[in-house]
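The values are calculated or read from the model by the stated rules, or taken from the named source; none is laboratory data. Treat the numbers as computed from the prediction; the structure is a model and nothing was measured. Virtual Cβ from ideal backbone geometry, glycine too; neighbours counted across all protein chains shown.
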Amino acid sequence: MKAAYQDNPQPDFRSKEFLTDHVRSILSFYYPQCIDQLNGGYFQHFDVNGKVDVTNGQRHLVSSSRLTINFAVAARLFGDQDLLAAARHGVKFLRDHHRNRSTGGYAWMLEGGQVSDGDNHCYGIAFVLMAYARSYAAGADELYDYIAETFHLLERYFWREQDQLYLETRDENFEATSSYRGQNSNMHCCEALISAYEATGEQVYLDRALVIARRITVDMAAQCDGRIWEHYNDRWQADFDYNCHDIENKLRPWGYQPGHFTEWTKLLLLLNKHHPQDWLQRRAKELFDKAMEVAFDGCHSGLQYGFSPSGEICSDGKYSWVQAETIVAAAMLATQQNNNIYWCIYQQFWQYVWRYMIDHEQKCWHRNLTRDNKIIAPSTVAMGRTDYHSICACIEIIDL
């Protein structure tokens, strides 16, 4: 089945009216049906008809946090107290169910209200921090202390001063740690710290985000001719063998991720907005241009998922989060560098997404497509779907 342009005329993709309406449209898929009034938190699984699967009690920390973020940023955008209440509902679940009251950590996975995986993942806790920061910024003033609490948790158990970067995982009691190091979790910590700075105005968060950004996009990238590899050993040396037979791994795929190049473009330009520096703009442009050079699909449009160290495409599918991050990065480059070429790219990617990536019936985005834009699975049944990237991309563009 090929994703189809379903008689939906193309809107003005740069207009705030379109972007605002699109956020509202996506949210209509989730709200209010995903609110679990009985057990708390949100339903995270849907059937092929787009209805919540109330029989699935699985709750993933990342999805719990991202749905909270969605409602928080939308509450701020619309000034909607019901959406703010939905965000507070998510925060309560994070505190009462995911959070380990003995250690202050956060369980990675719950099943039927019980912890099924209690390990602490830096990646997940980054989104917890962002959930608190975005909810506080939307008007949940009572969450101020949670922002600092979560930052100090990351600093105490994950930060390594000698590396100037965060560890990846710790066990339930913060005793054992893995030797794996990853740029992805540090990237999302950078994102969360920017949101904490924007919410509170406290310099400590911006300073830490700047350190992470330079370490990953300059220092680590120096190992790979300016490109950002995903996986490292415990000495922060690029590990080109890690998951070499798993190019589609959901969290740790092998290969360069051009979507992370464009996501870093977004983060570097957000940092530049708050603390202008030449290197931020320079690296933002270099990473975006490299992603387009290697991974843009000239035959079927869109940005492909992964490429090898030799520059060959190793995963040619089209993921929704990759297209969303590329859209917002193009808009930010066009705005900050006053370069109309990036507005042309912005328009091109929106046209692609509008035609192929959006499920115009269900309102949400398809999680991923084949290279030639065939639907791999119904958009509604993708595990852990939240449309976090598409919602937040629209809001970042509105805020330009």
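What the table shows:
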{"quantity": "Scope segment 112-135; condition farther than 25 Å from LEU206 by Cβ and either small (Gly, Ala, Ser) or modelled with pLDDT under 95 (or both); matching residues", "calculated": "GLY112, GLY113, SER116, GLY118"}
{"quantity": "Neighbours by Cβ (under 9 Å, 6+ apart or cross-chain): first from segment 227-252, among the hydroxyl-bearing types (Ser, Thr, Tyr); second part of a loop (DSSP other than H, G, I, E, B)", "calculated": "TYR232/TYR180; TYR232/ASP239; TYR232/TYR242; TYR242/TYR180; TYR242/GLU230; TYR242/ASN233; TYR242/ARG252; TYR242/TRP254"}
{"quantity": "Among (1) in contact (Cβ under 8 Å) with a residue 60 or more places away in the chain; (2) closer than 19 Å to HIS60 by Cα; (3) aliphatic (A, V, I, L, M) - the single one VAL115 does not satisfy", "calculated": "(1)"}
{"quantity": "Test result for SER308, in contact with a Cys (Cβ under 6 Å, 6 or more places away or on another chain), among the hydroxyl-bearing types (Ser, Thr, Tyr) and in contact (Cβ under 8 Å) with a residue 24 or more places away in the chain", "calculated": "yes"}
{"quantity": "Neighbours by Cβ (under 8 Å, 6+ apart or cross-chain): first from segment 164-188, closer than 17 Å to VAL211 by Cα and surrounded by fewer than 23 Cβ atoms within 10 Å (Cβ to Cβ); second at pLDDT below 95 and among the hydrophobic types (A, V, I, L, M, F, W, C)", "calculated": "ASN184/LEU251"}
{"quantity": "Test: residue in segment 342-349 that is out of contact with any helix residue (DSSP H, G or I) (no Cβ under 8 Å at 6 or more places or on another chain), of a type outside the set (Asp, Glu) and within 25 Å of GLN44 (Cβ to Cβ)", "calculated": "no"}
{"quantity": "In segment 161-219, the residues that are under 19 Å from TRP279 (Cα atoms), under 22 Å from the mean Cα position of the chain (by Cα) and acidic (Asp, Glu)", "calculated": "GLU191, ASP207"}
{"quantity": "All positions within segment 359-400 that are buried (at least 17 other Cβ atoms within 10 Å of the Cβ), at pLDDT 90 or above and over 22 Å from PHE78 (Cα atoms)", "calculated": "ASP359, HIS366, ARG367, ASN368, LEU369, ASN373, ILE375"}
{"quantity": "Candidates ASN272, ASN243, ASN249, filtered to the one that is within 22 Å of the chain's Cα centre (by Cα), among the polar types (S, T, N, Q) and modelled with pLDDT under 95", "calculated": "ASN249"}
{"quantity": "Hey, TYR42 in contact with a Leu (Cβ under 6 Å, 6 or more places away or on another chain), at pLDDT 95 or above and hydroxyl-bearing (Ser, Thr, Tyr) or not", "calculated": "yes"}
{"quantity": "Output for segment 188-237, where each listed residue is under 18 Å from LEU129 (Cα atoms), part of a loop (DSSP other than H, G, I, E, B) and among the acidic types (Asp, Glu)", "calculated": "GLU202"}
{"quantity": "Residues satisfying the stated conditions in segment 253-279, i.e. of a type in the set (Val, Ile, Thr) and either over 19 Å from ILE313 (Cβ atoms) or free of Cβ contacts under 8 Å to residues at least 24 places away in the same chain (or both)", "calculated": "THR265"}
{"quantity": "Considering residues of segment 147-186 that are of a type in the set (Val, Ile, Thr) and out of contact with any His (no Cβ under 8 Å at 6 or more places or on another chain) only, the residue farthest from ASP117 (Cα to Cα)", "calculated": "ILE147"}
